[in-house]
Amino acid sequence: MVLLKRDCVWKMPSRKFADGEVVMGRWPGSVLYYEVQVTSYDDVAHLYTVKYKDGTELALKESDIRSQSSFKHRKSQSSSSSPSRRSSSRSRSRSRSPGRPAKGRRRSASQSREHKEDKKKTIQETSIALPKPSENNTKRYNGEPESTEKNATSCIILEQKLKPDLEIKRVLEQYSLRSRKDDKKKEEIYSEKKTFVAVKPIEKVSTKTKEMEFGGRIGTFMLVLFMPATVFYLLLMCKQDDPSLLNFPPLPALESLWDWRVFGVILLWFFLQAAFYLLPIGKVVEGLPLSSGRKLQYRINGFYAFILTAAAIGVLLYFEFEFHYLYDHLMQFAVSAAAFSLALSIYLYVRSLKAPEEELAPGGNSGYFIYDFFTGHELNPRIGSFDLKYFCELRPGLIGWVVINLAMLLAEMKIHNLSVPSLSMILVNSFQLLYVVDALWNEEAVLTTMDITHDGFGFMLAFGDLVWVPFVYSLQAFYLVGHPTTISWPVAAAITVLNCIGYYIFRSANSQKNNFRRNPADPKLANLKFIPTATGKGLLVTGWWGFVRHPNYLGDIIMALAWSLPCGFNHILPYFYVIYFICLLVHREARDEHHCKQKYGLAWERYCQRVPYRIFPYIY
Ligand code: NDP
């Protein structure tokens, strides 16, 4: 063992593969090896530039490259050994095993030993792709689940790959959750792995964004115009006595839209929230591993920021600050917030041009300004330890939303001379307050969402977080000020029940996934089953994630409906949110499906077969 470890010490000898040589290159982040041709070698970075058959060029480490002969040998002979084990004669002798019987062939009892040997072989095959210590990337696959049930095999893995103890522990913990009696599933997983070598990847990763989302250049150009236009249209409509769709509002004079004082308040708000974010209160947690294996640290103090903001507003109310001002100047506030988000997006775009490769999101690098500006390219832009995307995701916009709601509630009381707000206004305010407080209380969960782990930070998120959320999501409260709606207590009770159901689904689904991603060995999740995938992460197939493929979206949409219902049925305007939200989440779900299919391949397809409905059970 000692000898083996010494043999495997990580050092970079002089280059092993020559230019023009055809070899097998591992596809980054997967267990797949493809035929590639070496085109050059960087002896400073110790990286080979290789060309795949479809023309994709990637830089690979020597450890991710195997000679073709090693693959042919392994494929054609039943007593194969993993190429990675060549260095050790001892391990090679241990690795020898008879070929795995064809799928469906029956095993006799006397073949049980052979079966065990098969399992070993499986581990050797999959261990090709085990991450190197330097990678420390939990997105990489770690071998067959069976490996965890056998100390001997995990020992082989150790010998072969110098796998860090922690990583092995994580894998052991993860796999221990899987139902061990489900041998059939093991068979399926095995066959899935076998096909991995031959299957073409669904989509190849490239530094250049080839596959554009959101309708590409034209689509994103339209969205850059359409998003601000929609906000202003909705706000103008809401101010009208008759906000019917056909009753188009008169456009205000341009100069009336800008007020430096209002812009000053927006700046003050942003920097006050930034100051709260920087306070050394609240725990610091690690995010999910980046593609480089690095984990960023995040301070979880959004809820404290909310408490401090609430205290500041309490003080302002005590001194009779006129929150009515917000109602009167809502359009100007929206314009100022939009200007600020535009400036931020330009800054983000410029800095993304110089960001290091490993800090970029998979998308946002099409070379087309408008597309890259909209989607954003830098995954986690930071100024020192100040994470701009994480900060904007929940604080200024989300807390701003409930502050606007409160201002609407006060405006309603003032304008209609009420001693207490209307029941509709109370419901809208309380439901949305619950949503915001919940998001801030569970702030850590945002670290596993698509926005943080996948999307770059560009105009889409900057405008979405800082303008769309506070000014469009508060539309129901804004509408109720000008269009009082009376609802009865039983109706209010029914709407409350609906909101609670939505909230329960939303919260428990998000927590289930978040806890599972953070610690698959969590005893609270012991009753859940999952499908292992080639990246090392599992896909839950029981619990909420076995009900529909996006149960959290289902809960969110139910809540959205409950927020609109208190506004009655006189106009469609307060239902804009739920209609838009369904469109957003259906589109988002499709994007996520696409990404997951790329990430998980056959395992995702199996998940889809097992859980056929995407968001709405028996419908979609
Ligand atoms: P999700 O939190 O739903 O995350 C999707 C990811 O979950 C997938 O990419 C995958 O990532 C993982 N996943 C998918 N299926 C499974 C499974 N079976 N088992 C385990 N993990 C799985 O995405 P969002 O970021 O879109 O949403 C987060 C929350 O935010 C939702 O509740 C949503 O409703 C809400 N939201 C609210 C918006 C608003 O404006 N109010 C806007 C957008 C979202 P991986 O495998 O890589 O971990």
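Every number in this text was worked out from the coordinates using simple rules, so none of it is lab data. Note that this is a predicted model, so its numbers are computed, not measured. In this analysis, Cβ positions are derived from the backbone assuming ideal geometry, glycine residues included, and neighbour counts consider all displayed protein chains.
A few notes on this one:
- For the range 487-619, the Cα gyration tensor yields ellipsoid semi-axes of 32, 17, 10 Å (square root of five times each eigenvalue, largest first, whole Å).
- In this structure, the pairs whose alpha-carbon distance is over 24 Å, taken from K389/K529; K283/K597; K61/K208, are K389/K529; K283/K597.
- Classified by the C-alpha gyration tensor, the range 243-360 has an oblate form. Its axis ratio a/c, with a ≥ b ≥ c, is 1.5 or above, and a/b does not exceed b/c.
- When only alpha carbons are used to place a centre, the range 296-343 and the range 403-468 end up 11 Å from one another.
- For the range 487-619: relative contact order, % (alpha-carbon pairs under 8 angstrom, 6 or more apart): 32
- Positive-end residue of V420, V446, L379, charge dipole of the range 372-503 with Cβ unit charges: V420
- Taking Cα centre as origin and charging only the Cβ of basic (Lys, Arg, +1) and acidic (Asp, Glu, -1) residues, the dipole magnitude of the range 295-359 rounds to 280 debye.
- For the range 399-457, the square roots of the Cα gyration tensor eigenvalues, ordered a ≥ b ≥ c, give a/c of at least 1.5 with a/b greater than b/c, which places it in the prolate category.
- Overall form of the range 216-486: oblate. Here a/c, set by the Cα gyration tensor axes a ≥ b ≥ c, is 1.5 or more, and a/b is not larger than b/c.
- Percent RCO, i.e. relative contact order, over the range 216-486, from Cα pairs under 8 Å lying at least 6 residues apart: 28
- Taking packing as the residue-averaged number of other Cβ atoms within 10 angstrom, the listed peptides 464-471, 610-617, 319-326 run from highest to lowest as 464-471, 610-617, 319-326.
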